[in-house]
1. Checking Gly161 against (1) part of a helix (DSSP H, G or I); (2) surrounded by fewer than 17 Cβ atoms within 10 Å (Cβ to Cβ), which test does it fail?
2. Does Trp89 qualify as being closer than 30 Å to Ala192 by Cβ, outside any loop (DSSP other than H, G, I, E, B) and aromatic (Phe, Trp, Tyr)?
3. Report the residue count in the range 167-199 for those that are of a type in the set (Gly, Ala, Ser) and over 21 Å from the mean Cα position of the chain (by Cα).
4. Out of all the residues in the range 226-244, which are closer than 21 Å to Pro276 by Cβ and either outside any loop (DSSP other than H, G, I, E, B) or in contact with a helix residue (DSSP H, G or I) (Cβ under 6 Å, 6 or more places away or on another chain) (or both)?
5. Looking at Gln263, Gln256, Gln250 in this structure, which one is without any contact (Cβ under 8 Å) to a residue 60 or more places away in the chain, in contact with a Lys or Arg (Cβ under 8 Å, 6 or more places away or on another chain) and away from ligand 2 (no atom under 13 Å from the Cβ)?
6. Take Ser80 and decide whether it is part of a loop (DSSP other than H, G, I, E, B), of a type outside the set (Val, Ile, Thr) and buried (at least 17 other Cβ atoms within 10 Å of the Cβ).
7. For the range 154-164, indicate whether the set of residues that are of a type in the set (D, E, K, R), over 28 Å from Val128 (Cβ atoms) and over 24 Å from the mean Cα position of the chain (by Cα) is non-empty.
8. Does any residue of the range 107-120 turn out to be away from ligand 1 (no atom under 16 Å from the Cβ), out of contact with any strand residue (DSSP E or B) (no Cβ under 9 Å at 6 or more places or on another chain) and of a type in the set (A, V, I, L, M, F, W, C)?
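The values are calculated or read from the model by the stated rules, or taken from the named source; none is laboratory data. Quick caveat, the model's predicted, so the values are computed rather than measured. Counting neighbours? That spans all protein chains shown, and the Cβs are built from the backbone with ideal geometry, glycine included.
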Amino acid sequence: MDWVRSWRAALFSLLEDVPVHLRPLVASISIDGTSATTLIVDRNTGEPLWRPFLYNESCPDALPTVKSVAPANHTVCSGSSTLCKLVSWWNIEESNKKSALLLHQADWLLWLLHGKLGVSDYNNALKVGYDPASDSYPPWLHSQPYSQLLPSVIAPGTSIGNLKEDIRTQFGFHEDCIVCAGTTDSIAAFLAARATQPGKAVTSLGSTLAIKLLSTTRIDDARFGVYSHRLDDKWLVGGASNTGGAVLKQFFTDEQLQKLSEQINPMEASPLDYYPLKAVGERFPVADPNLVPRLHPRPESDVEYLHGILESIAHIEATAYNLLKDLGATQVEEVFTAGGGAKNEKWTKIRERVLGLPVSRAKQTEAAYGAALLALKGAQHHSC
Ligand SMILES: Nc1ncnc2c1ncn2[C@@H]1O[C@H](COP(=O)(O)OP(=O)(O)O)[C@@H](O)[C@H]1O
Ligand SMILES: O=C(CO)[C@H](O)[C@H](O)COP(=O)(O)O
């Protein structure tokens, strides 16, 4: 799979999809990307020098080096962190080190639109080691030879520049249309839910299960895959589990999920106890690269099987929220749901019972809506 080509093609096909009469009205554009999806590109041309490292890839070979330079239990001390991907590349690459630049998926796609190479945002840059509290790369990272690859970092939603002229004229966008720094996919989902009070949380039930709780305290603990993203003057505390919709997809189509779910009684606890994963390895609330999926015994009834999987994922979610409480985050009061799993009302009821909290579908469940809100913020700020 040529990921980079397909991402570029998807971006331009989306621009094509904007109705022609609306294009001149677009004031601002932003993009969210999958967190820790990492590209090493040529700093002059922007062309990839290496295949992209995907968000869920692990580079355990780099972990000892990273642990030797980073503070204990720092977010980068996980095999799937962006920094481990960078160090892994640095250790195997011979020739292109001087001309290389690191970008995240959203940074690179935004660069295609604004043309200024080397800009990231402090959400995407967290897992490469950027410190959003001091708004800088820490000295332990700056002193490493591979720090020369790090992009400059600005706040999500900040205007980077105007939409490139060739794209503007090709598609008919306005000459004042700006391109703003983006964020990660699950932060965009949080923004889409418009949860603004500490104690409000968003669980993204997409291919994976990502949790974000708005907290006044910051918590980072790689032992459990817990980290905090900055959201203005507060913290989005949470983590991402490898469980989620991708596991459901292995067994059921979306139509089957809908039909089978209708037959589940969500008030009844399933006796089945699974740890649903697509492959070996978990990030949060247990950080264990060797955790083995548990999806057996499989009952004859597909309804019972699905009930067991949905309930088991709800238990992982409950463990995650309890862990955040134990580590000192603001107490969770209410959970909104985003992503493909948000439409499953039976699952919402199961989760409400297991979590002991009010759970509802977010008004906007698409991360792209959150990216659009960031673009709006950028446009408003730009015009002031
Ligand atoms: N009715 C449903 N109940 C639970 N999960 C569902 C349902 N319909 C779709 N899904 C799951 O939603 C996931 C897709 O959600 P989406 O947010 O688009 O994922 P991604 O994280 O890949 O963007 C699929 O993995 C699918 O199994
Ligand atoms: O698993 C994921 C990819 O779908 C999560 O969305 C991602 O890892 C969450 O990262 P972040 O908290 O940095 O947004």
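1. (1)
2. So Trp89 fails the test.
3. 1
4. Scanning the range 226-244 gives Val226, Gly238, Gly239, Ala240, Ser241, Thr243.
5. Values: Gln263 fails: in contact with a Lys or Arg (Cβ under 8 Å, 6 or more places away or on another chain); Gln256 fails: in contact with a Lys or Arg (Cβ under 8 Å, 6 or more places away or on another chain).
None of the others qualify; the one that does is Gln250.
6. yes
7. No, the conditions are met nowhere in the range 154-164.
8. Residues of the range 107-120 that are away from ligand 1 (no atom under 16 Å from the Cβ), as a first pass: 107-108, 110-120.
Now restrict to residues that are out of contact with any strand residue (DSSP E or B) (no Cβ under 9 Å at 6 or more places or on another chain): 112.
Narrowing further to those that are of a type in the set (A, V, I, L, M, F, W, C): 112.
Checked against the condition, which is being away from ligand 1 (no atom under 16 Å from the Cβ), out of contact with any strand residue (DSSP E or B) (no Cβ under 9 Å at 6 or more places or on another chain) and of a type in the set (A, V, I, L, M, F, W, C), the range 107-120 yields at least one hit.
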